[in-house]
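These notes concern the structure reproduced below.
The values are calculated or read from the model by the stated rules, or taken from the named source; none is laboratory data. Note that this is a predicted model, so its numbers are computed, not measured. Virtual Cβ from ideal backbone geometry, glycine too; neighbours counted across all protein chains shown.
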Amino acid sequence: MCGIVGYVGSKPALNVVVEGLARLEYRGYDSAGVAVLTDGALMTAKRAGKLVNLRNALDEEPAPEGTVGMGHTRWATHGPPTDRNAHPHVDCTGRIAVVHNGIIENFAALRAELTERGHRLDSDTDTEVVAHLLEEELRDGAGGLAEAVRRVCRRLEGAFTLVVVNADDPDVVVGARRNSPLVVGVGEGENFLASDVAAFIAHTRDAIELGQDQVVELRRDKVTITDFQGRPAEVREYHVDWDVTAAEKGGYDSFMLKEIAEQPRAVADTLLGRIGTDGRLTLDEMRISDEQLREIDKIIIVACGTAYHAGLIAKYAIEHWAGLPCEVELASEFRYRDPILTRTTLVIAISQSGETMDTLMAVRHAREQRARVLGVCNVNGSTLPRECDGVLYTHAGPEVGVAATKTFLTQLVAVYLIALYLAQVRGTKWGDEVFAMVQLLATMPEKVERVLETMEPVRELARSLADERCVLFLGRHVGYPVALEGALKLKELAYMHAEGFAAGELKHGPIALIEEGLPVVVVVPPRARAVLHDKIVSNIQEIRARGARTIVIAEDGDDSVVPFSDTLIRVPAVPTLLQPLVATVPLQVFSCELARAKGHDVDQPRNLAKSVTVE
Ligand code: AGP
């Protein structure tokens, strides 16, 4: 949801900034722009569309030599994705430039004030007011760019992470953070600012996480961080534990293909270090004591999109293993009802990015009601872990493709670990029962690998369905969220109408959608759950009798489905609760291949952004 890069050093800033933007393009690709300070002058360039349009425009001009600059890649909120609305935005003098991630909620009032005072605003954006407010502050002698930014921030409402340069202060880049992420990269004689460490990982792996409502002044050899009042701020320094190769395609055609292939390793990494030699689980970062976990009497999971589907699966595991009532709620809906929360409610917030505003707002609401909050997150240094009582990192490594793949599987592993840990602490399962399940979890990387090795028929199937208009997905029990996830992947990547249904609900309405030749993907539970299994086999027969083309995902050795499957996709036999780890993979491959067959960019599907930092 907009990517920001800032640089102060001795290298040509334009190269550093554009290279950083390329690594942040997953955050938004409606337009891109840069600003570079050279010899006391400000050069800006911006273009609607993907970064390639900006690169082409820059190639036509002599490159500026300046070593201080910044850039932006946009996911449009205010104003259409045009050149005019692309960032950076400048003030009336053309010497101050601003890039922004978020939404300034009081921009209309500020814009009216500024226009009244004679400013000319050229864009439809909320961002541009900041450049003009800074112009006034600096004209009135605010005492340097950082102080001017602090003063302006105190007047802004909403979410605003900003980076600013001023041609009259040519050795400085200033950033401010409220809500949307901003990380400092600390180099040798150079420093960086970015929405995500991926932007500067090729230059440094030493980072400083900016906190809420902080302003950073970046010089070549100095980083100064304060709060919005100018008081020195507490910050967290950390070392990034992955390198630049993790943020590159590594020979794959797309990040999504690479990330699907990385799933066995990602699942293994999520388990790493969490299973003791005695078979007991240790979840050190939880920061919620065993005593407190024993007091919990209800769990509410909040999340969005794919993470919400992981939450739906978590509910089955938590209720089954830990014997605790568990609700799952779309984070965007949570605070608009009156959820009953007490000190003995545990809220689990699942978010890959740790920056999804809907999820963060749900967390804040839960904490205001005194509930304990546990985050499940993939991005170290993001906002979610800071705002939760405890956190469990998924350790999937950077996920660049907008469609969540490896992070979904690792979220599942994380919630299984939480459910088993609760069972261990609360004594709802014997130690050896927990250990047996943990041992099964440890075999999952190899099982996921086996699924990946057998995906060619799925790719062929996907290519053959590229001209279809609609695909339905059915499942029962944990197969239902898998069906929802399969449908979401197809919608976002192939732009096709796709719906996931609980197979038992079919007869209550959706069966009317079935017509001759309609592809319907059915996730069949393991035979060990005989009742569920047999019911879904009946559902397959019902839809096939009405002309559906059945695409059946069933475990190895399940021959009962053979007569009713137009296409049969095999997955390894695993316990029911763990089946989503193997059953989701063919659906990811299916959507990815179908979208590729339609000529879509699977890493950057239209209208989407990787982290959604607005509500
Ligand atoms: C899924 O493919 C999407 N990228 C989207 O649904 C995503 O899962 C959702 O926006 C939540 O993101 P988060 O995990 O970063 O909070």
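Can you tell which of R111, R117, R139 is modelled with pLDDT of 95 or more, of a type in the set (K, R) and over 24 Å from P80 (Cα atoms)?
Values: R111 fails: over 24 Å from P80 (Cα atoms); R139 fails: modelled with pLDDT of 95 or more.
So the residue among R111, R117, R139 that is modelled with pLDDT of 95 or more, of a type in the set (K, R) and over 24 Å from P80 (Cα atoms) is R117.
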- Query: Which numbered condition trips up F473, out of (1) in the same structural domain as Q263 (by TED's automatic domain parsing); (2) touching a strand residue (DSSP E or B) at 6+ places or on another chain (Cβ under 7 Å); (3) of a type outside the set (K, R)?
  - Reply: (1)
- Sort out which residues of region 255-300 are over 20 Å from G427 (Cα atoms), away from the ligand (no atom under 16 Å from the Cβ) and surrounded by fewer than 23 Cβ atoms within 10 Å (Cβ to Cβ), and write them in order of number. A261, P264, R265, A268, D269, L271, L272, G273, E285
- When both residues are 6+ apart or on different chains and their Cβ atoms are under 9 Å apart, which pairs have a first residue that lies in region 286-304 and is farther than 25 Å from L488 by Cα, and a second that is within 16 Å of the ligand (Cβ to nearest atom) and of a type in the set (S, T, N, Q)? none
- Name every residue in region 357-384 that is surrounded by 24 or more Cβ atoms within 10 Å (Cβ to Cβ) and closer than 21 Å to V240 by Cα, in order of residue number. G375, V376, C377, N378, V379, S382, T383, L384
- Message: Yes or no: region 517-529 includes at least one residue that is in contact with a Cys (Cβ under 7 Å, 6 or more places away or on another chain), over 30 Å from L384 (Cα atoms) and away from the ligand (no atom under 16 Å from the Cβ).
- Response: yes
- Item | Residue within region 576-584 that is away from the ligand (no atom under 16 Å from the Cβ) and over 21 Å from K489 (Cβ atoms) present | yes
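Yes/no per residue for (1) touching a strand residue (DSSP E or B) at 6+ places or on another chain (Cβ under 7 Å); (2) farther than 30 Å from A609 by Cα; (3) assigned by TED's automatic domain parsing to the domain that holds F501:
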residue	(1), (2), (3)
M286	yes, no, no
E295	no, yes, no
H309	no, no, no
K315	yes, no, no
A322	no, yes, no
E327	yes, no, no
R337	no, no, no
- Task: Could you list, in sequence order, all residues of region 341-361 that are within 14 Å of the ligand (Cβ to nearest atom) and more than 16 Å from the chain's Cα centre (by Cα)?
- Result: I348
- Just one of V521, V531, V537 is part of a helix (DSSP H, G or I) and either among the aromatic types (F, W, Y) or in contact (Cβ under 8 Å) with a residue 24 or more places away in the chain (or both); which is it? V537
- Task: Look at region 65-114 and say how many of its residues are under 18 Å from L182 (Cβ atoms) and part of a loop (DSSP other than H, G, I, E, B).
- Result: 4
- Item | Pairs with Cβ under 6 Å, 6+ apart, first in region 541-558 and exposed (fewer than 15 other Cβ atoms within 10 Å of the Cβ), second part of a helix (DSSP H, G or I) | Q541/F564
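The rows are residues; the columns are (1) touching a strand residue (DSSP E or B) at 6+ places or on another chain (Cβ under 7 Å); (2) surrounded by 24 or more Cβ atoms within 10 Å (Cβ to Cβ); (3) modelled with pLDDT of 95 or more.
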{"site": "G397", "(1), (2), (3)": "no, no, no"}
{"site": "A403", "(1), (2), (3)": "no, yes, yes"}
{"site": "F408", "(1), (2), (3)": "no, yes, yes"}
{"site": "Q411", "(1), (2), (3)": "yes, yes, yes"}
{"site": "L422", "(1), (2), (3)": "no, yes, yes"}
{"site": "D432", "(1), (2), (3)": "no, no, no"}
{"site": "A436", "(1), (2), (3)": "no, no, no"}
{"site": "T443", "(1), (2), (3)": "no, no, yes"}
{"site": "K447", "(1), (2), (3)": "no, no, yes"}
- Taking region 145-161, which residues are more than 32 Å from the chain's Cα centre (by Cα) and free of Cβ contacts under 8 Å to residues at least 60 places away in the same chain? A148
- Message: Here are the criteria: (1) at pLDDT below 95; (2) part of a loop (DSSP other than H, G, I, E, B). Tell me which single one L156 does not satisfy.
- Response: (1)
- First in region 334-354 and under 30 Å from P398 (Cα atoms), second anywhere and assigned to a loop (DSSP other than H, G, I, E, B) and more than 16 Å from the ligand (Cβ to nearest atom), Cβ under 8 Å, 6 or more apart: L346/I288; L346/I296; L346/A371; V347/L341; V347/A371
- Query: Out of (1) within 13 Å of the ligand (Cβ to nearest atom); (2) crowded, with 24+ Cβ neighbours inside 10 Å, the odd one out for L484 is which?
  - Reply: (2)
- Query: Name the pairs whose Cβ atoms lie under 7 Å apart, with the first residue in region 204-216 and acidic (D, E), the second not in a strand (DSSP E or B), and 6 or more positions between them or separate chains?
  - Reply: E209/V235; E209/G381; D213/R178; D213/F228
- Search result, residues across region 568-615 that are closer than 19 Å to A307 by Cα, of a type in the set (A, V, I, L, M, F, W, C) and in a helix (DSSP H, G or I): L577, L578, L581, V582, A583, V585, L587, V589, C592
- Task: Tell me which residues, restricted to region 115-135, are among the charged types (D, E, K, R), surrounded by 24 or more Cβ atoms within 10 Å (Cβ to Cβ) and part of a helix (DSSP H, G or I).
- Result: E128
- Query: What are the residues in region 311-340 that are away from the ligand (no atom under 16 Å from the Cβ), at pLDDT 95 or above and among the aliphatic types (A, V, I, L, M), if any?
  - Reply: A317, I318, A322, L324
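Just to check your reading of the model, which residue among T277, T226, T270, T282 is touching a residue at least 60 places away in the same chain (Cβ under 8 Å), of a type in the set (S, T, N, Q) and in the same structural domain as K429 (by TED's automatic domain parsing)? Outline the logic, then answer.
Numbers: T277 fails: touching a residue at least 60 places away in the same chain (Cβ under 8 Å); T226 fails: in the same structural domain as K429 (by TED's automatic domain parsing); T282 fails: touching a residue at least 60 places away in the same chain (Cβ under 8 Å).
The match here is T270.
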- Task: List every residue pair whose Cβ atoms sit under 9 Å apart, with the two residues 6 or more apart in sequence or on different chains, where the first one lies in region 177-190 and is closer than 27 Å to M357 by Cα and the second, anywhere, is surrounded by fewer than 24 Cβ atoms within 10 Å (Cβ to Cβ) and of a type in the set (K, R).
- Result: G185/R205
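State which residue is farthest from the chain's Cα centre (by Cα) when the search covers only region 20-36 and only residues that are in a loop (DSSP other than H, G, I, E, B) and either surrounded by fewer than 24 Cβ atoms within 10 Å (Cβ to Cβ) or small (G, A, S) (or both).
Let us first name the residues in region 20-36 that are in a loop (DSSP other than H, G, I, E, B), namely 28-30.
Next, from what is left, pick out any that are either surrounded by fewer than 24 Cβ atoms within 10 Å (Cβ to Cβ) or small (G, A, S) (or both): 28, 30.
Numbers: G28: 12, D30: 18 Å.
Checking each candidate, the answer is D30.
It is to be established whether one or more residues within region 301-310 are within 16 Å of the ligand (Cβ to nearest atom), closer than 23 Å to G427 by Cα and either buried (at least 17 other Cβ atoms within 10 Å of the Cβ) or of a type in the set (D, E, K, R) (or both).
Looking through region 301-310, at least one residue is within 16 Å of the ligand (Cβ to nearest atom), closer than 23 Å to G427 by Cα and either buried (at least 17 other Cβ atoms within 10 Å of the Cβ) or of a type in the set (D, E, K, R) (or both).
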- Log entry, pairs with first residue in region 603-615 being touching a residue at least 40 places away in the same chain (Cβ under 8 Å), second being more than 9 Å from the ligand (Cβ to nearest atom) and charged (D, E, K, R), beta carbons closer than 7 Å, six or more apart or on different chains, reads Q604/E25; A609/R27; K610/R27; S611/R27
